[in-house]
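Visitor: Have a look at this one before I ask anything.
The values are calculated or read from the model by the stated rules, or taken from the named source; none is laboratory data. Quick caveat, the model's predicted, so the values are computed rather than measured. As a convention, Cβ positions derive from the backbone with ideal geometry for all residues, glycine included, and neighbour counts pool all protein chains shown. Protein only, heavy atoms only, side chains kept; ligands, DNA and RNA dropped before computing areas. Shrake-Rupley method; radii C 1.70, N 1.55, O 1.52, S 1.80 Å.
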Amino acid sequence: MIPLAVPDLSGNESRYLQQCIDTTFVSSVGRFVDDFESAVAQVAGTTGAVATSSGTTALHLALAALRVGRGDLVVLPSYTFIASANAISMAGARPWLIDISQETWTLDPSALRAALEQDTISQDGSYVHRQTGERVAAIMPVHTLGHPADMDAIGDVARDYQLPVVADSAAALGALYKQRPIGQLATVSCLSFNGNKTITSGGGGMVLSNERGILERAEHLNTTARVGSAYLHDEAAFNYRMTNVQAAVGLAQVERLEIFLAAKARISQRYSSELFDLPGLTLFPNADWAQSAHWFSGIVIDEPAKLSGLVAALNKVGIQAREFWIPMHSQTPYRDCPIFGDLNVSSDIAQRILTLPCSTNLTDDDQGFVISQIRELW
Ligand SMILES: *Cc1c(COP(=O)(O)O)cnc(C)c1O
């Protein structure tokens, strides 16, 4: 089977892991955690970072650091991985689902503005959702597939409504928006280092920010809100810390980020140039202001009815190809969340995306095989 996205662990991973064992620093304290945080913060363009156990816990920690909680709404594009919505739930809040734009598959800034204009009223310095009475507490854009959202336009709305922006940047490390790195585009930005992401730490995540207060509060909440060195704590908090073992793998991975990003871009480019001529098929978005991290590669099929057959046929010849995310408004736990507009772009695109093998160590021959099989099945 040619896998969809598997890690390349052929750098310093085993050496660093051996160091964890030799020094007995296998838990949440150790030099790899600090070094991994610094290395990622540098690439992302932030002054600091707080490593966590997953992308989901990074998002939850970020929301908690911003004091998002019960009775709050967080604006979220309906088209995302369910972890974004789950993190909002874990904070005690609910997602307010808004559509994505056709051009980028990321939060539509004009729908965002319209939603706040039409469906909220100003009350005691906050904006309150008219129908439910919940306070709008934050905006969570998602850099879908590693392609940055239109963050200037989203930032304008955030400023007008005085809302913090918590970007779900899970798979977008290395992406650029108008030449700016991912950590500089939002109040807080959260990464995932799950096994299928461009760099992995086995499992893990990170909270990135340029605001010292937020980083300090995230760090505090992440270490059980302990005050001083004794067993005294000033809030109900978390232990979402990344272990030194995970960070050892993560550090070895981020050392090769540039190589991985180049491989992802090359793979995406080759699918595009060798498949674009097929009728009834389009490519993943790539706005001219964006440099995507190309987390996943794939194609978009005009005819939704063809998708499952194509997936099955590719799987049968040993190619792992898959459908992609199902929108939040179609998911059982989020079916009753407030929505704005018809969410048609989210519903439509979800039925037409086919993700294709795009591991950073995918060989030219294997990619050639995938391309030839698709052309044949077409
Ligand atoms: C991978 C991913 C996450 C979740 O990260 P985990 O580390 O699996 O918890 C969240 N949001 C998006 C957009 C992702 O792609």
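Visitor: Rounded to the nearest Å, what's the spacing between the alpha carbon centres of region 246-298 and region 153-198? Just the number, please.
Guide: 18 Å
Visitor: Note down the net charge around His329, summing +1 for each Lys or Arg and -1 for each Asp or Glu among other residues with Cβ under 15 Å from its Cβ. Spell out each step's value before the answer.
Guide: Working: positive: Arg94, Arg335; negative: Asp99, Asp108, Asp336, Asp342, Asp348.
Net local charge, His329 excluded: -3.
Visitor: Starting from the alpha-carbon convex hull of the chain, give the projected area averaged over all orientations, in nm².
Guide: About 19.0 nm², averaged over all directions.
Visitor: Shifting gears a bit: Dividing the alpha-carbon Rg of region 218-350 by 2.2 N^0.38 Å yields what?
Guide: Dividing the Cα radius of gyration by 2.2 N^0.38 Å gives 1.54.
Visitor: Sticking with this structure for a sec: Report the antiparallel proportion of the DSSP beta bridges in the chain as a percent, rounded to a multiple of 5. Could the numbers behind the result be given before it?
Guide: Values: 32 of 48 bridges.
Restricted to the chain, the bridges split so that about 65 percent are antiparallel.
Visitor: Please go through region 1-88 and write out the trypsin sites (Lys or Arg not before Pro) that DSSP classes as loop and that have at most 14 other C-beta atoms within 10 Å.
Guide: Sites meeting the loop and neighbour criteria: Arg67, Arg70.
Visitor: Moving on. Which GluC sites (Glu not before Pro) in region 226-273 pass both tests, a DSSP loop state and at most 13 other beta-carbon atoms within 10 Å?
Guide: Glu235
Visitor: Could you name the lysines in cross-link range of Lys264, using Cα to Cα under 16 Å and dropping any fewer than eight places away on the same chain?
Guide: Excluding near neighbours in sequence, the set is Lys197.
Visitor: Still on this structure: How long are the semi-axes of the ellipsoid equivalent to region 146-263, from square roots of 5 times the Cα gyration tensor eigenvalues, in whole Å, largest first?
Guide: After scaling each eigenvalue by five and taking roots: 26, 23, 10 Å.
Visitor: Using a 1.4 Å probe and ignoring any ligands, DNA or RNA, find the accessible area of Ile301 and quote it in Å² to the nearest 10.
Guide: 0 Å²
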